[in-house]
Every structure is written in C-alpha cells, then in structure tokens.
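Visitor: Sharing a structure with you now.
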Amino acid sequence: MNPEALQLPGSDVLIRVKTENIVHQTIDGEVVLINLLTGHYFSIEGAGTAIWERISLGTTRMELQKLLESSYEGQPAELEAGLSRFLADLLEEGMIEYGSADSNEPLVPNSVESLSPATRQPFAAPVLNVYTDMKDFLLLDPIHDVGEAGWPNSLNKEP
C-alpha cells in the first residue's frame with residue numbers, strides 16, 4: 001500500500017480504533033483483529049503490536065513515532081516509513097479512524113518512556129496480515145440469517 005494514496009493524519013490528530021466494526025484481542029503477545037463488516041480477520045507482526053496497543057488507547061501519530069524511536073533501533077526515516085505504511089494499511093481496511101480537534105472524546109495520555117540504547121530492540125517493520133478464508137462464516141448471523149432448515153444453512157443456500 002502506498003501511504004500517499006490515502007489521507008494520513010497530521011502529527012497531532014487523534015487516531016483510534018473504529019470500535020463499532022472492529023474487535024481485537026491480544027493473545028500471548030499476538031494481536032488478532034476481526035472486521036465485522038467485511039468478515040476479514042487479521043494478525044499483526046513486527047512493531048505493529050506495540051503500535052496497535054497505543055492506537056487502542058487513542059493516540060497521535062507523533063506519540064506513535066516517539067514510541068518507535070524510544071523502543072526500536074533504526075533511523076527516524078525508516079521508522080516513519082514503516083509507521084506510514086502500517087497506518088495506511090489499517091485505514092484501507094477500515095480499522096482506524098481519526099478524531100478531530102473538537103472531538104468530545106478525551107485523548108488518553110501516552111507517556112513514552114525513554115529507553116536506553118541497550119534495551120532497544122531491532123526494528124521489524126509493522127505488518128498487517130489479512131485473511132479472508134473464514135469470511136462467510138464470520139459474516140453469517142446464526143440467529144437471523146438461517147434458513148428454515150436451521151443452522152448451519154443460511155437463507156441464501158439450499159439445505
């Protein structure tokens with residue numbers, strides 16, 4: 001995904017999870033996400049886990065950049081490029097939204113502690129993996145979308 005193809009936020013704009021469509025859980029350090037509108041599910045690799053944890057609290061691009069610079073080894077331009085690609089992917093998949101300056105939702109302060117260079121990790125670019133193999137199952141509403149034959153027969157399929 002080309003970050004310039006989508007409108008990315010300024011450094012002080014609130015970035016948050018689009019909670020009405022997205023459910024997410026971190027299990028043993030791996031983030032798993034589901035878009036309830038598309039039926040796609042996702043996993044995140046590299047620095048994406050730390051980025052997603054901050055986004056789930058509500059954060060800004062500037063705070064995300066500070067997080068990367070304090071937690072990972074790498075040049076600021078490399079970190080920024082990885083962040084831009086990742087935010088563009090999240091935006092394209094409908095997983096995040098931006099708040100406005102007049103938003104009624106308060107921004108959760110994300111203090112970024114400065115780590116010593118010895119404790120910083122090598123930078124692994126954040127990656128959003130997209131899976132569509134369970135789309136039909138995830139979009140099926142077993143209460144409302146079943147045929148007369150009952151579960152697992154949907155309204156659109158013959159028993």
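The values are calculated or read from the model by the stated rules, or taken from the named source; none is laboratory data. Everything quoted here is computed from the prediction, not taken from an experiment. A quick note on method: Cβ atoms are made from the backbone with ideal geometry, for glycine too, and the neighbour counts reach across all protein chains shown.
Visitor: Given the condition in contact (Cβ under 8 Å) with a residue 24 or more places away in the chain, assigned to a strand (DSSP E or B) and more than 15 Å from Q121 (Cα to Cα), answer yes or no: does some residue in the stretch 65-88 qualify?
Guide: No, there is no match, as no residue in the stretch 65-88 is in contact (Cβ under 8 Å) with a residue 24 or more places away in the chain, assigned to a strand (DSSP E or B) and more than 15 Å from Q121 (Cα to Cα).
Visitor: Do any residues in the stretch 131-148 that are at pLDDT below 70 and part of a strand (DSSP E or B) have Cβ atoms under 9 Å from those of residues that are surrounded by 12 or more Cβ atoms within 10 Å (Cβ to Cβ) and not charged (D, E, K, R), where the two are at least six apart or on different chains, and which pairs are they?
Guide: So the pair list comes out as V146/L140; V146/P152; V146/N153; V146/S154.
Visitor: Can you tell me which residues in the stretch 1-35 are among the hydrophobic types (A, V, I, L, M, F, W, C) and either at pLDDT below 90 or within 13 Å of G58 (Cα to Cα) (or both)?
Guide: M1, A5, L6, L8, V13, L14, I15, V17
Visitor: Residue by residue through the stretch 33-59, note down the ones that are among the polar types (S, T, N, Q) and more than 18 Å from R85 (Cβ to Cβ).
Guide: N35, T38, S56
Visitor: Which one is farthest from A77 (Cα to Cα), of the residues in the stretch 7-64 that are out of contact with any Leu (no Cβ under 6 Å at 6 or more places or on another chain) and of a type in the set (F, W, Y)?
Guide: Y41
Visitor: To continue, here is another question. Tell me which residues, restricted to the stretch 51-66, are modelled with pLDDT under 95 and among the aliphatic types (A, V, I, L, M).
Guide: Passing the criteria: L57, M62.
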